[in-house]
Amino acid sequence: MSAAQKFIPVWKDEYKIHSYQVDASNNATLVVLCQLMQESAWNHAEHLQLGFSHLNRKNFIWVLCRQLVKMYSFPKWGDMIQVHTWPTAKDKLFCYRDFRISDSAGSVIGEATTTWFVIDLASRKPQRTDSYFHVDLPDDVERVFPGKLHKLHPVSSTANTRLVQVTYGDLDRNEHVNNVRYIDWILNGLPLDYLKTHELKEMEVNYLSEASYDDEILVSSEKKEASHFFHSVIRNRDNTELCRARTAWESKSK
């Protein structure tokens, strides 16, 4: 983007939570909220001339590799929310983007930070940011959380494991499993009684590799404390770890 062109440094979208986006507690699911944040990220990237339509000309695509979401409360069916998002930094290979979710009164109900990189579709190799990122970021960019995200610990026990199979509906336009599907598999792998009595407060994810159509996937969860789990998603045929995650929960009030 040339110096003469103005860009919006913080993007804002407004969304309504629909009946098909809530769970049995009438809360919007984390999967839905991550989808909405991703949609706003794409919208802002297009505005910054860093979106799909621009990178596709170079045969490049964005890849999400790390994500941390903290929810302070969940919107319910019929609620209006605002998603604010902005790029916070870049280095040689990675770009960083934050999010803030607010309710209709302007109160912050959730925040997230993400780490991305770009690959060449043909070679699958990461690309240096100076080959595509030409937006000047302000020096005083706000960060929702301090520091950068790091590699998560692996799951040491696979006692609680379920098998899922990748279907056509799990794929994105590049014919790989969409990142929110991993979140869905992980959360649905926990016991029903636990999900009914606890509310998710925090989820951190490392995306490590890609899954494709018809892959058999093993989703394992290991309880570390009363309110914390570590999770692993592994492709069954070659034992490749596709994703690691940790979740933190809080008991629901009676």
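General observations
- C-alpha center-to-center spacing [region 54-113, region 10-53] in angstrom: 8 Å
- The amide H of Glu202, built 1.01 Å from its N in the peptide plane, has Met71, Ala248 as neighbours under 5 Å, considering only residues 5 or more places off or on other chains.
- With neighbour counts taken as other beta-carbon atoms within 10 Å, the residues Thr247, Thr115 rank, fewest first, as Thr115, Thr247.
- Over the residues of the chain, the helix contribution to mean residue ellipticity at 222 nm works out to -4500 deg cm²/dmol, using -39500 (n - 2.57) for each DSSP H run of at least 4.
- If you wrap the Cα atoms of region 7-149 in a convex hull and average its projected area over all directions, you get 9.2 nm².
- Dipole magnitude for the chain: computed about the Cα centre from +1 point charges on Lys and Arg Cβ and -1 point charges on Asp and Glu Cβ, it is near 320 debye.
- Stretch gain in nm, segment Ala248-Ala24, where the contour uses 0.36 nm per residue and the Cα spacing is subtracted: 78.7 nm
- Among the trypsin sites (Lys or Arg not before Pro) in region 46-115, those located in a DSSP loop and surrounded by at most 13 other Cβ atoms within 10 Å of their own Cβ are Lys92.
- Dipole of region 151-254 [Lys/Arg +1, Asp/Glu -1 at C-beta], most positive-end residue of Leu171, Ser212, Ser253: Ser253
- Note on region 1-106: with charges restricted to the Cβ of Lys and Arg (+1) and Asp and Glu (-1), its dipole about the Cα centre is near 440 debye.
- Taking the Cα centre of region 151-254 as reference, the dipole from Cβ charges on Lys and Arg (+1) and Asp and Glu (-1) amounts to some 420 debye.
- Among His18, His150, His198, a tally of other beta-carbon atoms within 10 Å of each Cβ gives an order, fewest to most, of His150, His18, His198.
- Loop-located chymotrypsin sites (Phe, Trp or Tyr not before Pro) in region 128-224 whose Cβ has at most 13 other Cβ within 10 Å (DSSP): Tyr213
- Centroid-to-centroid separation of region 218-243 and region 162-177 [C-alpha atoms, Å]: 17 Å
- The residue among Val83, Pro126, Trp185 whose Cα reaches farthest toward the positive pole of the charge dipole of the chain, with charges on the beta-carbon of Lys, Arg, Asp and Glu, is Pro126.
- Answer label for percent of Cα pairs over 32 Å apart (calculated), chosen among (i) 22; (ii) 29; (iii) 26: (i)
- Rounded if a/c under 1.5, otherwise prolate or oblate - region 116-164, Cα gyration tensor axes: oblate
Values quoted throughout were computed directly from the atomic coordinates according to the rules given, and no laboratory measurement underlies them. Note that the structure is predicted; figures quoted are calculated from it, not measured. Cβ atoms come from the backbone with ideal geometry, glycine included; neighbour counts cover every protein chain shown.
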